Amino acid sequence: MPLYRCAVQEGRTTRAQREQIAKEVVRVHCGVTAAPPSFVHAFFTEYPASEMPGGKVAFVLGSIRQGRTDEQKAQIASDLGESVATALGCSPAEVAVVTADVPSKWIMEGGELLPEPGEEAEWLERHREGPDAH
Amino acid sequence: MAEYVCIIQEGQEAERQKDALSAALKKLGQEAFGDDPAQTEIDWRVIKPDFAWTAGEPSHSSVVIRSVPVGLPNERREPFLRAVGELFVEHTGCHINDVVITAWDGPLPV
């Protein structure tokens, strides 16, 4: 967690574009929240253009830990929207980014409940052999 | 009706073990929440290669989301989450860091 699920138009993205967006998700999320990058997920799913919400080229739903401020969430939506639009060569109006809060105690990763925002240091120390190791 | 959504990676072990994982998840739900296995729905969503990334790199992660009773106390929630992680490790041989489990209060939003 966080998990950013990116709905994109079928056949509209290349591997390089998805990788660029995934790295931007890490940069934006961690830049705004100061969260560690190790467990930032970006999963893409393709849909026919006719089934895309609001006719968007990309629709990103970020499930993030509860506790972020409204300002942080607005910053994520704004910055990531710009980044995704740049990566896909479309206008920001063709991209939607929304976030949904999930309480930390509802989520387990690495075999432990997630820490509250700002309390990650000790948790990460116990999970040094994380996805970065792959 | 008990509901799970399992997001896994195409071509990885979790995909090959879907049947065994389904059976194990249903059994676990029966033990933890009294689910009727016949009334348990598991929605497997298989992500294509190059469509999943963790920390900006190709992902090995599986994500499991399960609806639970609203207000489920942590004394019941945490052991359930732990058991789901352990059964994925047991059946797929993955690292525990590669399993993300959410016990979502009420109907799933996905």
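So what's the angle, to the nearest 10 degrees on a 0 to 90 scale, between helix B:18-33 and the longest Cα principal axis of chain B?
Tilt relative to chain B: about 30 degrees.
Could you provide, to the nearest whole Å², the per residue accessible area of chain B with probe 1.4 Å?
With all protein chains present, chain B gives 44 Å² per residue.
Go through B:SER22, B:SER61, A:SER91 and list them by solvent-accessible area, largest first, probe radius 1.4 Å.
The ordering from most to least exposed comes out as A:SER91, B:SER22, B:SER61.
Ignore the peptide's own chain and count Cβ atoms of other chains within 10 Å of each Cβ in B:95-106; give me the average, rounded.
Shielding by partners across B:95-106 averages 6.
Could you tell me the extents of the protein assembly as shown's C-alpha atoms along the three principal axes, largest first, rounded to whole Å?
50, 39, 34
Check which residues have an amide H placed less than 5 Å from B:VAL68's amide H, if you skip close sequence neighbours.
B:TRP104, B:ASP105, B:GLY106
Using the structure shown, list the pairs from A:LYS23/B:LYS48; A:LYS105/B:LYS27; A:LYS23/B:LYS26 with a Cα-Cα distance above 25 Å, or answer none.
Pairs exceeding the cut-off: A:LYS23/B:LYS26.
How big a patch of accessible area, both sides summed and in Å² to the nearest 100, lies buried between B and A at a 1.4 Å probe?
Heavy-atom accessible area buried at this interface is about 3000 Å².
Sorted from largest down, what three extents in whole angstroms do the Cα atoms of the stretch A:1-133 have along their principal axes?
On the principal axes, the stretch A:1-133 reaches 44, 32, 23 Å in Cα extent.
Looking only at the stretch A:51-78, which residues have a backbone nitrogen under 17 Å from a spot 7 Å from the Cα of B:ASN74 in the C-beta direction?
Once the point is set 7 Å along Cα→Cβ of B:ASN74, A:65-67 turn out to lie under 17 Å by backbone N, inside the stretch A:51-78.
Enter the angle in degrees (range 0 to 90, nearest 10) between the Cα long axis of helix B:74-92 and the first principal axis of the Cα atoms of chain B, meaning the one along which they spread out most.
Long axis of B:74-92 versus the principal axis of chain B: about 40 degrees.
With the convex hull built on the Cα atoms of chain B, state its orientation-averaged projected area in nm².
One quarter of the hull surface, i.e. the mean projection, equals 6.7 nm².
For the stretch A:3-129, what is the accessible area per residue in Å² when the probe is 1.4 Å?
Solvent-accessible surface per residue comes out at 44 Å².
Just from its helices, what would the mean residue ellipticity at 222 nm be for the protein assembly as shown, if runs of 4 or more DSSP H residues each count -39500 (n - 2.57) and the sum is divided by every residue, rounded to the nearest 500 deg cm²/dmol?
Roughly -11000 deg cm²/dmol at 222 nm, from the helical runs in the protein assembly as shown.
With both bridge residues required to lie in the protein assembly as shown, what share of the DSSP beta bridges run antiparallel, to the nearest 5%? Provide the component values of the computation, followed by the final result.
Details: 20 of 50 bridges.
That works out to approximately 40 percent antiparallel.
The values are calculated or read from the model by the stated rules, or taken from the named source; none is laboratory data. Predicted model only: the values in this text are computed from it and were never measured. Virtual Cβ from ideal backbone geometry, glycine too; neighbours counted across all protein chains shown. Note: accessible area is taken over every heavy atom of the protein model, side chains too, but ligands, DNA and RNA are not part of it. Shrake-Rupley method; radii C 1.70, N 1.55, O 1.52, S 1.80 Å.
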